[in-house]
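First the structure, in the form of structure tokens, and then the observations on it.
The values are calculated or read from the model by the stated rules, or taken from the named source; none is laboratory data. Every value quoted in this text rests on a predicted model; they were computed, and no experiment measured them. Please note: Cβ atoms are built from the backbone with ideal geometry, for glycine as well, and neighbour counts cover all protein chains shown. When the accessible area is computed, the model is the full protein with side chains, heavy atoms only, and any ligands, DNA or RNA have been set aside. Shrake-Rupley method; radii C 1.70, N 1.55, O 1.52, S 1.80 Å.
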Amino acid sequence: MRSYLDLVVPVKRLDRAKSRLVGAADGGIGDPLAHADLVVAVVLDTITAASGADGVRDVVVVTSDLMLTAVLRAEGIRCVAEAEPGLNEAYRHGASMLGRHVGALQADLPALRSAELAAAIAAAGDKRAFVPDRQGTGTTLLIGAPGQPLDPRFGVGSAQAHRESGAVELVGDWPSLRCDVDTEEDLEVAAGLGLGQRTGRRFRLSA
């Protein structure tokens, strides 16, 4: 019987999220509302693509931002508040509310293609596995083994940390899954792959 994957996607408060992208939505002005709109767009494009991937059963967002929660819930996306601060704590909290097969997905993949995520999930099978980012040092996706703790180790050097924890490294032809965005340069790389509709509309404001 096929094991479907539930995904946890944590997002910081909008006034703290993606600080190195400030100005990317408004030609360098750095208006907080424009920045918040861009972050929301990135999150929505990521979750829309993830929800459409074959093999994904459910997606839950962990955030304490009230505006973001309202926007996501209006789109039919399940949200839960953080129990305690910290990215790994958010992943563990979300995982505790989901099924026996859980994955951790980063929220900043605005070019994500559902087919690439589905391929990575299929490649993992029942193994605990991870997908490194395009630089090879970070992690964009961690998949736990069915029935086992997720054991997230996100942070600086997370690819090596997940590798050392016994997770299998998955490197396929999945450029959109590996392209997380922290800077405007990253966003330009993602744009070359093809941004989701919401992010594309907001990033063009800076052109």
Across all Cα atoms of the range 140-191, Rg and the largest Cα-Cα distance (Dmax), in Å, are 13.0, 39
Carbon and sulfur atoms account, in whole percent of the 1.4 Å probe accessible area of the chain, for 51 percent
Magnitude of the Cβ-charge dipole (Lys and Arg +1, Asp and Glu -1) of the chain about the Cα centre, nearest 20 debye, reported as 400 debye
For volume of the Cα convex hull per residue in Å³ the list reads (i) 104; (ii) 113; (iii) 162; the calculated value is entry (i)
Convex hull around the C-alpha positions of the range 109-168: the volume in Å³ per residue is 84 Å³
Checking rank on 134-144, 66-76, 107-117, with mean other Cβ inside 10 Å and highest first, the result is 107-117, 134-144, 66-76
For the range 1-120, the convex hull over Cα atoms projects on average to an area in nm² of 7.5 nm²
per DSSP, antiparallel bridges as share of beta bridges in the chain, % nearest 5, sits at 35 percent
Taking Asp54, Asp65 and ranking on accessible area (1.4 Å, protein atoms only), highest first, one gets Asp54, Asp65
With every protein chain kept in place and a 1.4 Å probe, the residues Lys127, Lys12, Lys18 fall, from largest accessible area down, as Lys12, Lys127, Lys18
To the nearest Å², the heavy-atom accessible area per residue of the range 71-128 with 1.4 Å probe amounts to 44 Å²
